[in-house]
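> I have a structure here, written as structure tokens, and I will follow up with some questions on it.
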There are 2 protein chains.
Amino acid sequence: MGSLEAHGGADPFGLAFRYNSIAIHLTRRLREADTSSGVPPARLSALSVLVFGGRHTLGDLARRERVTPPTMTRIVTGLEQMGLARRRPDERDARLVWVEPTPEGREVMERARLARVERLAEELRALPEADRQVLDRAAQVLLALERAAGY
Amino acid sequence: MGSLEAHGGADPFGLAFRYNSIAIHLTRRLREADTSSGVPPARLSALSVLVFGGRHTLGDLARRERVTPPTMTRIVTGLEQMGLARRRPDERDARLVWVEPTPEGREVMERARLARVERLAEELRALPEADRQVLDRAAQVLLALERAAGY
DNA sequence: CACAAGTCGTTAGCATGGCTAACAAATGGT
DNA sequence: ACCATTTGTTAGCCATGCTAACGACTTGTG
């Protein structure tokens, strides 16, 4: 790719260009492992928020997942039908719907996360320790970047 | 997230766990910029392969994008209807269908890529140079990892 | 050469997941 | 008491993933 050389080094645009490609391919590779869980991707992602972040109202869940409320309504309905999450009314405000994972939802999530992460861990084990150190430091930078962007 | 501390440092599982989250969020952030192009995500991704990698047969494009042939048939049909790609027959083997970008497809892709990448570039400009150096070295490792995984 | 087997793309039909528009129910401020 | 706001749902559109089945073509084999 010709423009790659033109944006090498640590110049912001070249870095952004390469991390764009890296993120796409990494996500795609990781997602392949998800099919084994039998839970479709949008549901798995929402379930992950519920399992690792605790119960949310439907609207908060929608904002967290960057989707509109109607979309989240359907995702939650799907999770409910699969027995992985539950809706609960709020005692004070009858407009609110709390969504929480079921015990089975927690189990499914834990298995899915292991499968997904284990594949990448395999690849990382093949790297020399020095390379893993580089990735470790970069992870700190990338996570800080994420927080700065409001995630 | 409690398990984060338990998998810190450069141990492969902990690294994989963090890069899982990083890749998801980075992809999501980048993708938000794509809506401005008016080209839906699967079409934009296939178009990118065509623009940066040249013409492909439909089957090769499907394998590259990790989707089944029927799905790629529809994506290509969509690109054709938008005037962004063309089908061409092979002269030797009448079963094959070559897919290539149109000039307009190239223009649209270039604009989309700029919009997508520019957002991340903005964030990177706010970092100290040392952090960008870290990301630059990590990018080399991650791209090598990608190639090793057959991408 | 003829025919069987394999390859490539398409069609058909299903499910998931994104959106906007429109709405019902509940809350809260005036 | 009423009106504006907030919250979630319904309805209906489109895009994108899959499998099954098929048609057209090529290739290998007798």
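> Give just the number: which of (1) at the interface with another protein chain (Cβ under 10 Å from one of its Cβ atoms); (2) acidic (Asp, Glu); (3) touching a residue at least 12 places away in the same chain (Cβ under 8 Å) does A:GLU104 not satisfy?
It is condition (1) that A:GLU104 fails.
> Can we say A:THR35 is hydroxyl-bearing (Ser, Thr, Tyr), within 14 Å of chain B (Cβ to nearest Cβ) and surrounded by fewer than 16 Cβ atoms within 10 Å (Cβ to Cβ)?
Taking the combined requirement at face value, the residue satisfies it.
> If a residue must be away from DNA strand D (no atom under 12 Å from the Cβ) and in contact with a helix residue (DSSP H, G or I) (Cβ under 7 Å, 6 or more places away or on another chain), how many such residues does segment A:63-112 contain?
12
> Within segment B:107-126, take every residue that is buried (at least 19 other Cβ atoms within 10 Å of the Cβ) and facing chain A (nearest Cβ under 7 Å) and give me the one that is nearest to B:SER45 (Cα to Cα). So that I can check it myself, show each step before the final result.
Filtering segment B:107-126 for residues buried (at least 19 other Cβ atoms within 10 Å of the Cβ) gives B:108-109, B:112-113, B:116-117, B:120-121, B:124.
Those still in the list that are facing chain A (nearest Cβ under 7 Å) too: B:116-117, B:120-121, B:124.
Working: B:ARG116: 12, B:VAL117: 14, B:LEU120: 18, B:ALA121: 20, B:LEU124: 23 Å.
Per the criteria, the residue is B:ARG116.
> Just for segment B:46-70: of the residues that are among the polar types (S, T, N, Q) and within 14 Å of another protein chain (Cβ to nearest Cβ), which one is nearest to DNA strand C (Cβ to nearest atom)?
Just the residues of segment B:46-70 that are among the polar types (S, T, N, Q), to begin with: B:48, B:57, B:68.
Pick out the ones that are also within 14 Å of another protein chain (Cβ to nearest Cβ) and you get B:48, B:68.
Working: B:SER48: 19, B:THR68: 8 Å.
Step by step, filter segment B:46-70, then rank; the result is B:THR68.
> Could you tell me whether A:GLU91 is within 10 Å of DNA strand C (Cβ to nearest atom) and under 20 Å from A:ARG31 (Cβ atoms)?
Details: within 10 Å of DNA strand C (Cβ to nearest atom): yes; under 20 Å from A:ARG31 (Cβ atoms): no.
Taking the combined requirement at face value, the residue does not satisfy it.
> Within segment B:7-31, can you find the residues that are more than 7 Å from chain A (Cβ to nearest Cβ) and closer than 24 Å to B:ARG64 by Cβ? Show your work before the answer.
At the first step, the residues of segment B:7-31 found to be more than 7 Å from chain A (Cβ to nearest Cβ) are B:7-8, B:11, B:14, B:21, B:31.
B:ARG31 - this is the single residue of segment B:7-31 that is more than 7 Å from chain A (Cβ to nearest Cβ) and closer than 24 Å to B:ARG64 by Cβ.
> Here is a check on your reading of the model: is B:SER37 under 30 Å from A:LEU124 (Cβ atoms), in contact with a Lys or Arg (Cβ under 8 Å, 6 or more places away or on another chain) and in contact (Cβ under 8 Å) with a residue 40 or more places away in the chain? Before you say what the answer is, go through the steps one by one.
On the way: under 30 Å from A:LEU124 (Cβ atoms): no; in contact with a Lys or Arg (Cβ under 8 Å, 6 or more places away or on another chain): yes; in contact (Cβ under 8 Å) with a residue 40 or more places away in the chain: yes.
Spelling it out, it is not the case that B:SER37 is under 30 Å from A:LEU124 (Cβ atoms), in contact with a Lys or Arg (Cβ under 8 Å, 6 or more places away or on another chain) and in contact (Cβ under 8 Å) with a residue 40 or more places away in the chain.
> Sticking with this one: State whether the residues of segment A:71-87 include one that is within 16 Å of DNA strand C (Cβ to nearest atom) and within 22 Å of B:ALA16 (Cβ to Cβ). Steps first, please.
Applying the first criterion (within 16 Å of DNA strand C (Cβ to nearest atom)) to segment A:71-87 yields A:71-85, A:87.
Going one step further and asking which of them are within 22 Å of B:ALA16 (Cβ to Cβ), we end up with none.
Looking through segment A:71-87, none of the residues is within 16 Å of DNA strand C (Cβ to nearest atom) and within 22 Å of B:ALA16 (Cβ to Cβ).
> For segment B:63-101: of the residues being acidic (Asp, Glu) and in contact (Cβ under 8 Å) with a residue 24 or more places away in the chain, which is surrounded by the fewest Cβ atoms within 10 Å (Cβ to Cβ)? Quick ask: steps written out before the conclusion?
Residues of segment B:63-101 that are acidic (Asp, Glu), as a first pass: B:65, B:80, B:90-91, B:93, B:100.
This time we only want the ones that are in contact (Cβ under 8 Å) with a residue 24 or more places away in the chain, so: B:90, B:100.
On the way: B:ASP90: 11, B:GLU100: 14.
Taking the candidates together, the pick is B:ASP90.
Any read-out appearing in this document is the output of simple, stated calculations on the displayed coordinates, not a laboratory observation. Model, not experiment: these values are computed from the prediction. Note that each Cβ is placed from the backbone with ideal geometry, even for glycine, and that neighbours are counted across all protein chains shown.
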